[in-house]
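Below you'll find the structure, written out as structure tokens, and then a few comments.
The values are calculated or read from the model by the stated rules, or taken from the named source; none is laboratory data. Computed from a predicted structure; not experimentally measured. Here the Cβ positions follow ideal geometry from the backbone for every residue, glycine too, while neighbour counts run over all protein chains shown. The accessibility values were calculated without ligands, DNA or RNA, using every heavy atom of the protein model including side chains. Shrake-Rupley method; radii C 1.70, N 1.55, O 1.52, S 1.80 Å.
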Amino acid sequence: MTDNTQNSGRAHSNSFSVFPTDLSFLGTDVFYGMSFARLDSNTVVSRTQNGEILSRLSSDEWILPAFAFHVGDNIYFNFLPFYNVCDHKNHNVETCKKLFIIKMFSKNLKSGRPLRLSTMHSTHQLLAKINDHCVLHNLKLESIFEEFDLFKNFQEELTPSMNKALVALVRTLNSIDSLERGFPLNGTIFPYMQKAAKAIRTEGKQFPIIPSKILLFKYRQYHAHIDDFLEHHQNLFALLDRAAENPYYGKSNKIHTNPNTRASKLATAEHLALHIDNPTNFKKAVQEYNLDTLCEKYQWKAIINVLGFITKVSHCAKSLIHLYTLMRDHEVKGLTTDCLERVKGWNNDALYVAGITTKLYSTSKPTKWITTDAILKPVDTLTKINRFLSPHFKTPNNHLLISAAVHPVANTKPSKDYLVKRMGVEAGLDPILITEADIQELEAVDPLRNWRSDPKYKIGAPWIISSHQFRRTMAVFCAQTGLITLPSLKRLLGHLTKVMSLYYTRGCSAQNYHFNLINPELAAELRRAKSEADGAMYIREALRTSEKLLGLKGMDISGQRSSSVWVDRAVAETVQLAAKGLAAYTEIPLGGCASPVPCDKRAHGNFFTCPGCRHLIGKQSVLDATLEIMKFDISELDSDSMEYKAEMQNFKDFTELRDRLIAKSK
């Protein structure tokens with residue numbers, strides 16, 4: 001299929017994917033809500049926009065461009081690997097294809113549309129597992145669903161993620177009759193999987209927050225790569241273009257003697273003459289473009305390593321966009337070169353918004369994400385890379401992230417649409433190892449999860465970053481900056497967390513953009529994170545602190561904290577209450593406030609009624625720190641001014657309040 005065919009399929013996806021536009025296709029094509037009883041080998045699975053058949057049910061390779069909603073959607077499905085030696089080989093593969101169609105096009109109340117391609121790839125993987133199991137035991141595939149013991153034997157072998165896909169498939173099969181399915185469904189399977197679904201939800205684990213030390217390391221690492229790139233990008237581009245012009249440039253002086261090398265196959269007689277006359281190996285090429293320091297720093301050995309550095313820089317910029325916007329992976333990959341828009345916001349902050357999402361909508365939907373000027377640097381970096389690569393690809397779209405594989409120096413082929421599909425680049429960056437302090441920070445945020453038994457978070461193991469970790473980490477840190485354990489990181493992220501909190505959770509607007517309405521899904525996620533973060537702060541600062549607590553709530557906790565059983569029970573209860581928004585911890589000049597509702601007195605800076613409040617969790621260390629700050633502020637004032645006298649009185653009153661709280665706790 002040509003690129004034009006692929007792009008045209010994407011362009012008409014919203015109108016074609018639910019129902020065929022040509023009524024003559026109703027009896028031949030698959031569509032949402034169809035009758036599956038009429039499926040046969042000639043059923044048309046996909047067409048081009050012009051109506052030409054791309055895939056039939058009998059085809060072993062399916063191309064589904066009409067169902068792609070964004071650049072990250074993989075439109076290819078391959079059933080050829082399903083053909084393994086078995087008495088029922090052909091029959092089982094045909095059944096897998098039918099189950100695929102049933103799952104994708106069955107009616108569902110959630111979206112009223114066919115399932116997304118990303119979901120169908122999970123279903124495709126599950127069907128491959130079922131097929132492999134049938135090959136191993138020489139079974140007809142439908143027998144798995146007809147006999148409970150056979151089904152259970154298969155189900156117990158699956159990972160939690162595959163079990164989740166199996167739950168969804170069984171739910172779909174149970175919603176249609178045996179005539180539509182083509183086989184009976186054992187009556188005990190559906191209730192069995194309903195129970196399994198509850199267990200899977202209970203075992204489900206959220207993405208971890210990135211511990212402060214690790215996040216600071218990655219933040220600096222990403223910026224270091226980008227800074228090196230921005231300083232040397234013109235020379236980097238010139239070197240790579242020179243290598244593209246002459247395949248021998250930057251290669252071994254004797255490379256032309258081997259006709260089987262890629263360079264020799266691409267080189268012309270003119271290239272050969274230039275090389276023989278003035279051979280330029282990699283070391284000399286790097287020196288010509290003043291890249292010696294960079295070459296040594298990143299240990300480049302060949303021209304391809306320079307292009308690899310461009311790929312790493314692209315990944316670093318993409319990761320920072322995740323950090324600065326909380327966008328998902330497919331949302332960042334779908335950004336265009338004109339994705340930034342400056343608006344005037346609350347308190348005259350200059351803000352940037354960007355985007356398109358498919359999450360929750362089963363179609364592409366324009367959406368905006370709030371961020372700060374920090375986004376300019378990574379976007380500028382990706383724009384420079386995009387312009388550098390632009391002579392080597394042609395596409396009607398103006399996507400920001402383009403694969404470096406389009407460059408002639410690359411030794412791999414780019415994807416058909418030239419876009420970044422998977423960026424397994426993180427493993428190529430210097431790792432940071434997990435420490436005891438990191439585990440303690442994870443335990444503070446999610447105290448009921450057994451982090452120490454999970455091999456992925458073993459002390460001494462490298463931390464593996466994923467794009468969604470940035471989203472959850474920033475959501476939690478925006479909710480409670482107190483959970484950021486490093487002051488330097490708190491300073492770096494301070495403005496960003498403040499802006500996101502204002503616009504997503506407190507309802508501020510920018511121009512005509514009201515972000516908790518324009519991006520309600522992210523606003524809701526930040527509100528959930530606020531509840532989780534409040535619970536984590538309460539557990540860390542009240543239940544598990546070694547400091548003596550003051551105030552009514554603080555003394556109540558201190559009186560029972562000596563019992564480890566009580567603490568464990570209190571932690572579990574706090575997690576449950578936090579999920580319902582009923583647990584809170586707000587840092588105040590006296591320590592902390594556990595009130596889950598806003599306080600009208602604190603809102604006006606009146607803390608002198610706090611000692612009589614049942615929510616006060618006082619701390620002498622915080623009281624002393626507050627007095628030191630007040631003392632410093634007073635020292636900056638004119639001793640003859642009214643402001644000085646007022647602040648001195650506040651200082652005396654606060655000192656008396658501190659002494660009174662400490663005295664009551666004895």
If the chain between Glu156 and Lys198 were fully extended at 0.36 nm per residue, the gain over the current Cα-Cα distance would be 13.6 nm
At the level of C-alpha centres, the distance separating the range 635-666 and the range 569-623, in angstrom, is 22
Phi-derived 3J(HN,Hα) across the range 140-150 with the Karplus relation (6.51, -1.76, 1.60, θ = phi - 60°), rounded Hz, x for Gly and Pro, is 6, 4, 5, 5, 4, 8, 8, 10, 4, 4, 5
Taking protein heavy atoms only, a 1.4 Å probe, and rounding to whole percent, the accessible area of the range 144-190 owed to carbon and sulfur comes out at 50
Taking every alpha carbon pair in the range 192-335 and sorting the distances into 5 angstrom bins from 0 up to the bin holding the longest one, the percent per bin comes out as 2, 8, 14, 14, 12, 11, 9, 8, 7, 5, 4, 3, 2, 1, 0, 0
In nm, the gap between the two label points placed 7 Å beyond Cα toward Cβ at Asp241 and Ser595 is 6.4
Pseudo-spin-label distance Ser635 to Ser178, built 7 Å along Cα→Cβ, given in nm, is 8.7
In debye to the nearest 20, the charge dipole size for the range 227-328, taken about the Cα centre with +1 at each Lys and Arg Cβ and -1 at each Asp and Glu Cβ, equals 500
Averaging 1/r across every pair of distinct alpha carbons in the range 145-194 and inverting yields a Kirkwood hydrodynamic radius, in angstrom, of 11.1
Here the FRET efficiency for Glu587 versus Leu627, based on Cβ atoms and R0 = 22 Å and rounded to 0.05, is 0.85
For Arg660 the rounded accessible area (nearest 10 Å², probe 1.4 Å, non-protein molecules ignored) is 110
Accessible-area order for Met327, Met630, largest to smallest, probe 1.4 angstrom, reads Met630, Met327
About its Cα centre, the range 122-182 carries a charge dipole, from +1 on Lys and Arg Cβ atoms and -1 on Asp and Glu Cβ atoms, whose size in debye to the nearest 20 is 220
By the Cα gyration tensor axes a ≥ b ≥ c (a/c under 1.5 gives rounded; else a/b larger than b/c gives prolate, otherwise oblate), the shape of the range 115-182 is oblate
A 1.4 Å probe over the protein heavy atoms gives the range 227-270 a carbon and sulfur accessible-area percentage of 46
Per residue, the convex hull enclosing the alpha carbons of the range 618-666 has a volume in Å³ of 56
For the range 523-666, the dipole about the Cα centre with charges only on Cβ (Lys and Arg +1, Asp and Glu -1), to the nearest 20 debye, works out at 820
Checked the range 518-666 against the a/c 1.5 cut and the a/b vs b/c comparison, axes a ≥ b ≥ c from its Cα gyration tensor; verdict oblate
Amide H contacts under 5 Å for Glu341, restricted to residues at least 5 apart in sequence or on another chain and with H modeled in the peptide plane, are Val353
One finds the C-alpha centres of the range 74-100 and the range 236-279 to be spaced, in Å, by 46
